[in-house]
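A.B. asks: Below is a structure I'd like to ask you about.
The values are calculated or read from the model by the stated rules, or taken from the named source; none is laboratory data. Everything numeric here is computed off the predicted structure, so don't read it as measured data. We place every Cβ from the backbone using ideal geometry, glycine too, and count neighbours over all the protein chains shown. When the accessible area is computed, the model is the full protein with side chains, heavy atoms only, and any ligands, DNA or RNA have been set aside. Shrake-Rupley method; radii C 1.70, N 1.55, O 1.52, S 1.80 Å.
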Amino acid sequence: MRLCSIASGSSGNCVYVGSDTTHLLMDVGISGKRTEGALAKLGLTMKDIDGICITHEHADHISGLGVLARKYDVPIYATKGTAEAIMQTPSVGKIDKSLFQIVTPDEKCTIKDISLYPVRTSHDAADPVAYRINYGGKRIGILTDLGCYSDYTVECLRNLDLLYLEANHDVHMLQVGPYPYYLKRRILGERGHLSNESAGKLLSRLLHDNMQAIVLGHLSKENNLPELAYESVRVEVTMSDTDYNGGDFPLYVAKRDEVSEVIEVR
């Protein structure tokens, strides 16, 4: 199984996850043309995509969905609340209702040889989820857009081989930055986004000896820096009560506008 970040951040999010025979997109918050171009770099086309898995209906996760769905009739996997919210989003345009495959949090969904497990998240959307993806005994977690986490989150995402984790903002940068007060409150709230420090604390609870890699994603352009996210998360892990240090595992930062390297889970 492999993962590649196609786009990451408040301007658009899209991640590829696949096996040799099954190919999925996790969100499509960039244009259809850009998505097609990114897949070409991976040796794929949209005709190879077996499903688009949507975490929630915010524009930076679905802006390319309407175009791609209409052009390729690709199945869309989403919770009932998310699907309804998407169909009520004018900017997406009309999508054939039959393309939606409804997933339920905590219930297994099978897409060819990949198993998909939606996990409830705390975010200001209709019915948001993270995803755990299983194939051949290997597990990948896609976890972004959550203002807080709980023991439930940790339990659902134990024993991952690869984790794609939100590190949205540096709290100080956000507090002194140009965002209006109401937006700062939203981001810092329990239905907002994870800070670098919170991401590090959550990662500390999920680490285990067989974790192969961690990718930090969904960084804010205005309120974070890749180097800052990287170092902050490493420091939190080192300072945690676990036996691990920040340098014990490969840690990557997803690029905003570039296709990242492909990470193979072995």
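A.B. asks: Do we find that Ser198 is of a type in the set (Ser, Thr, Tyr) and part of a helix (DSSP H, G or I) in this structure? First the steps, then the outcome.
C.D. replies: Numbers: of a type in the set (Ser, Thr, Tyr): yes; part of a helix (DSSP H, G or I): yes.
It is true that Ser198 is of a type in the set (Ser, Thr, Tyr) and part of a helix (DSSP H, G or I).
A.B. asks: Next question. State whether the residues of region 95-107 include one that is free of Cβ contacts under 8 Å to residues at least 40 places away in the same chain, surrounded by 18 or more Cβ atoms within 10 Å (Cβ to Cβ) and in a strand (DSSP E or B).
C.D. replies: The answer is yes, given that some residue of region 95-107 is free of Cβ contacts under 8 Å to residues at least 40 places away in the same chain, surrounded by 18 or more Cβ atoms within 10 Å (Cβ to Cβ) and in a strand (DSSP E or B).
A.B. asks: Please verify whether Leu116 is surrounded by 20 or more Cβ atoms within 10 Å (Cβ to Cβ), in contact (Cβ under 8 Å) with a residue 40 or more places away in the chain and in a strand (DSSP E or B), treating the condition exactly as stated. Don't jump to the end; show me each part of the working.
C.D. replies: Values: surrounded by 20 or more Cβ atoms within 10 Å (Cβ to Cβ): yes; in contact (Cβ under 8 Å) with a residue 40 or more places away in the chain: yes; in a strand (DSSP E or B): yes.
Considered against the rule, which asks whether it is surrounded by 20 or more Cβ atoms within 10 Å (Cβ to Cβ), in contact (Cβ under 8 Å) with a residue 40 or more places away in the chain and in a strand (DSSP E or B), Leu116 comes out as yes.
A.B. asks: Further, regarding this structure: Determine which member of the set Glu227, Glu222 is under 27 Å from His61 (Cα atoms), part of a loop (DSSP other than H, G, I, E, B) and open to solvent by 60 Å² or more (accessible area, probe 1.4 Å).
C.D. replies: Values: Glu227 fails: part of a loop (DSSP other than H, G, I, E, B).
Checking each option against the conditions leaves just Glu222.
A.B. asks: Can you tell me which residue in region 51-62 is surrounded by the fewest Cβ atoms within 10 Å (Cβ to Cβ), limited to those that are of a type in the set (A, V, I, L, M, F, W, C) and in a helix (DSSP H, G or I)?
C.D. replies: Here is the first cut: in region 51-62, the ones of a type in the set (A, V, I, L, M, F, W, C) are 52-54, 59, 62.
Then keep just the ones that are in a helix (DSSP H, G or I); that gives 59, 62.
Numbers: Ala59: 13, Ile62: 28.
In this case the residue turns out to be Ala59.
A.B. asks: Counting only residues that are among the hydrophobic types (A, V, I, L, M, F, W, C) and within 17 Å of Ser220 (Cβ to Cβ), how many does region 245-266 have?
C.D. replies: Quick first cut of region 245-266, residues among the hydrophobic types (A, V, I, L, M, F, W, C) only: 249, 251, 253-254, 259, 262-263, 265.
If we keep only those that are within 17 Å of Ser220 (Cβ to Cβ) as well, we get 253-254.
The qualifying residues number 2.
A.B. asks: Against the condition closer than 30 Å to Arg266 by Cβ, among the charged types (D, E, K, R) and open to solvent by 40 Å² or more (accessible area, probe 1.4 Å), how does Lys71 come out, does it pass? Steps first, please.
C.D. replies: On the way: closer than 30 Å to Arg266 by Cβ: no; among the charged types (D, E, K, R): yes; open to solvent by 40 Å² or more (accessible area, probe 1.4 Å): yes.
Considered against the rule, which asks whether it is closer than 30 Å to Arg266 by Cβ, among the charged types (D, E, K, R) and open to solvent by 40 Å² or more (accessible area, probe 1.4 Å), Lys71 comes out as no.
A.B. asks: Mind listing just one residue for me: the one in region 119-157 that is of a type in the set (A, V, I, L, M) and surrounded by fewer than 20 Cβ atoms within 10 Å (Cβ to Cβ) and, of those, farthest from Leu194 (Cα to Cα)?
C.D. replies: Filtering region 119-157 for residues of a type in the set (A, V, I, L, M) gives 119, 125-126, 129-130, 133, 140, 142-143, 146, 154, 157.
Next, from what is left, pick out any that are surrounded by fewer than 20 Cβ atoms within 10 Å (Cβ to Cβ): 125-126, 154.
Numbers: Ala125: 15, Ala126: 18, Val154: 15 Å.
Ranking the candidates gives Ala126 first.
A.B. asks: Loosely packed, with under 14 Cβ neighbours inside 10 Å, closer than 20 Å to Ser5 by Cβ and at pLDDT below 95 - does that describe any residue in region 238-257?
C.D. replies: yes
A.B. asks: Answer yes or no: is there a residue in region 188-204 that is surrounded by fewer than 20 Cβ atoms within 10 Å (Cβ to Cβ), touching a Gly at 6+ places or on another chain (Cβ under 9 Å), within 29 Å of Lys80 (Cβ to Cβ) and among the acidic types (Asp, Glu).
C.D. replies: Within region 188-204 (the criterion being surrounded by fewer than 20 Cβ atoms within 10 Å (Cβ to Cβ), touching a Gly at 6+ places or on another chain (Cβ under 9 Å), within 29 Å of Lys80 (Cβ to Cβ) and among the acidic types (Asp, Glu)), the answer is yes, since at least one residue qualifies.
A.B. asks: In contact with a Cys (Cβ under 6 Å, 6 or more places away or on another chain) and under 26 Å from Asp20 (Cα atoms), is that true of Tyr72? Break it down stepwise before answering.
C.D. replies: Numbers: in contact with a Cys (Cβ under 6 Å, 6 or more places away or on another chain): no; under 26 Å from Asp20 (Cα atoms): yes.
No; evaluated as a whole, the condition is false for this residue.
A.B. asks: Six or more apart or on different chains, Cβ under 9 Å: which pairs go from a residue in region 22-44 that's of a type in the set (S, T, N, Q) to one that's open to solvent by 40 Å² or more (accessible area, probe 1.4 Å)? Could you list them?
C.D. replies: Thr22/Lys112; Thr22/Asp113; Thr22/Tyr135; Ser31/Ser63; Ser31/Val67; Thr35/Val67
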